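Below is one structure, written out as structure tokens, with a few remarks after it.
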Amino acid sequence: MEELILDKTQDETRQGEAYATTDLFQKKFERHFYIESYGCQMNFADSEVVASILQEAGFGPTRNVEDADLIFINTCSIREKAEQTVRKRLTNFKRLKRQKKSLLIGVLGCMAERLKSKFLEEEKLVDLVIGPDAYRSLPHLIEEAAGGQKAVNVLLSREETYADISPVRIDSNGISAFVSIMRGCNNMCSFCVVPFTRGRERSRDPQSIIQECEDLYKNGYREITLLGQNVDSYYYASSFESFPPITFANLLEKVAQISPELLVRFSTSHPKDISDEVLHTMAMHENICKYIHLPVQSGSSRVLQLMNRTYTREWYMAKVDRIRTLLPDCGISADIITGFCTEDEKDHQDTLSIMEYCKYDFSYMFIYSERPGTLAARRYADDVPEDIKKRRLEEIVSMQNKLSLESNQRDIGKSYKVLIEGDSKKNKEEWKARNSQNKVVVFPKENYTYKKGDFVTVKIADCTQGTLKGNIVAN
Ligand code: SAH
Ligand code: SF4
Ligand code: F3S
């Protein structure tokens, strides 16, 4: 067990699936692309931008890798295991290329950025290597690669936000969409590769964000998640002096005002940046979901300092207190890294106790994986033995399991207005939804005529550690 993810939203892999409109599939294209995405939601959102650029260039999507003239893999470098997964997948694609010489294979995203042209030396059958800020050059690079040249563009940009590109919704349920509001990261958490693979932080023009969200709403979407590595530091200053700068709280409010029937979520919040202004905005609008993903990483102030997280244990706990004061019913989840350099048993106990204090509803828990080039890799030895890392992870996971169950049990008897996302995976006679706190809720359809995208009130009758179970209460 190298890592455990309790909720699958973050590290889930969706493989070359659906492309928004069926129209697009019915349309005739001469050449077809297949795309597979790994890593965080931002990578999935980027694949939708890539799909849009490719479609404009005359490439149609395919769900069948064998039919593709172009295969893209949008990669993640966050942990070594993420990179290994990509390499394994590439082995399969290269096998296809041996059978079909004209097939082009392109590597996109964070691994492309981290390894640059070294990728082409290591993986001889890869034709294109394109970093996250270079997707506009795809059509040109494809032509180059088709002409037999190896094509690379890994330039990072200080401006690129793909603001004007209308993403082609991949694998969409037609109800929930992710909207990128910024790119890059200016923090320098010592363990993290993202600042190197995604470049400097930049915020997208708010007009284009609002426009995209309004279009989604008009097209039947009922839930939007605003995405960024650190959404709370969103800041857009217009070049026209008469327009005041827009903060994240301002943006959140503008999106919430599109319609009370549009749910608004966001991810991720860095504890140092989430402000009272954001919390007040959340409190004021019912349709802004009461859920904050607030990665803690460690409960030990000493380790947090080595991680360069810029807060202490006490400071983080005070932030959680503040959230609970202003938003008493807010769900909180965390990311936790175990076995970071020099972490000892006391540090580990501090992590377990901060989890109990914060009563996380769920967490994403990872074993520390040293990433080449990061501050930690350069400064500190990765000195916690593997078996100890694993044991500590197990302890953290069982703590979280206990907290998740307790949290869900506290919800029994409560009623929630939820958005129906589709059938429950296990039982087609049941709907699956999520409540404002981002907990999965399943309930029998009964004889009601509700459909996907409807709001319905559900009273919770039972739960497991991962799911609330309830029944529809007449609205
Ligand atoms: N921008 C987000 C997190 C992005 S990465 C934030 O700052 O919260 C998602 C999570 O992966 C991180 O929160 C961290 O818990 C984990 N992670 C990042 N680098 C890692 C590494 N080298 N080893 C293990 N986990 C890591
Ligand atoms: Fe990585 Fe830290 Fe930036 Fe998150 S805030 S992406 S963990 S450097
Ligand atoms: Fe992975 Fe890059 Fe996201 S490293 S987590 S895909 S920003």
Given (1) within 16 Å of ligand 3 (Cβ to nearest atom); (2) outside any loop (DSSP other than H, G, I, E, B); (3) of a type in the set (Gly, Ala, Ser); (4) in the same structural domain as Ala237 (by TED's automatic domain parsing), Ser208 misses just (1)
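Somewhere in the range 103-123, is a residue within 16 Å of ligand 2 (Cβ to nearest atom), within 22 Å of Thr197 (Cα to Cα) and either more than 24 Å from the chain's Cα centre (by Cα) or of a type in the set (Asp, Glu) (or both)?
Checking the range 103-123: at least one residue is within 16 Å of ligand 2 (Cβ to nearest atom), within 22 Å of Thr197 (Cα to Cα) and either more than 24 Å from the chain's Cα centre (by Cα) or of a type in the set (Asp, Glu) (or both).
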Of the numbered conditions (1) assigned to a loop (DSSP other than H, G, I, E, B); (2) within 16 Å of ligand 1 (Cβ to nearest atom); (3) modelled with pLDDT under 95, Leu4 satisfies every one except a single condition; which is it?
(1)
Members of the range 322-346 that are within 16 Å of ligand 1 (Cβ to nearest atom) and acidic (Asp, Glu)
Asp335, Glu343
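Here are Lys459, Lys414, Lys425: which of them is over 22 Å from Ser333 (Cβ atoms) and open to solvent by 60 Å² or more (accessible area, probe 1.4 Å)?
On the way: Lys414 fails: over 22 Å from Ser333 (Cβ atoms); Lys425 fails: over 22 Å from Ser333 (Cβ atoms).
Of Lys459, Lys414, Lys425, the one residue that is over 22 Å from Ser333 (Cβ atoms) and open to solvent by 60 Å² or more (accessible area, probe 1.4 Å) is Lys459.
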Per the list (1) without any contact (Cβ under 8 Å) to a residue 60 or more places away in the chain; (2) crowded, with 16+ Cβ neighbours inside 10 Å; (3) touching a Ser or Thr at 6+ places or on another chain (Cβ under 7 Å); (4) not basic (Lys, Arg), residue check on Asp164 breaks on (2)
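Specify which of the listed residues (Ser37, Ser52) is among the small types (Gly, Ala, Ser), at pLDDT 95 or above, farther than 22 Å from Leu120 by Cβ and away from ligand 2 (no atom under 16 Å from the Cβ).
Result: Ser52 is the single residue among Ser37, Ser52 that is among the small types (Gly, Ala, Ser), at pLDDT 95 or above, farther than 22 Å from Leu120 by Cβ and away from ligand 2 (no atom under 16 Å from the Cβ).
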Within the range 325-342, which residues are outside any strand (DSSP E or B) and either under 22 Å from Glu395 (Cα atoms) or within 16 Å of ligand 3 (Cβ to nearest atom) (or both)?
Gly339, Phe340, Cys341, Thr342
Any idea which of Arg371, Arg434 is farther than 26 Å from Arg265 by Cβ and either in contact (Cβ under 8 Å) with a residue 12 or more places away in the chain or surrounded by fewer than 18 Cβ atoms within 10 Å (Cβ to Cβ) (or both)?
Arg371
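The values are calculated or read from the model by the stated rules, or taken from the named source; none is laboratory data. Predicted model only: the values in this text are computed from it and were never measured. No Cβ is skipped: glycine too gets one built from the backbone with ideal geometry, and neighbour counts run over all protein chains shown. Accessible surface areas use protein heavy atoms only, side chains included; no ligands, DNA or RNA. Shrake-Rupley method; radii C 1.70, N 1.55, O 1.52, S 1.80 Å.
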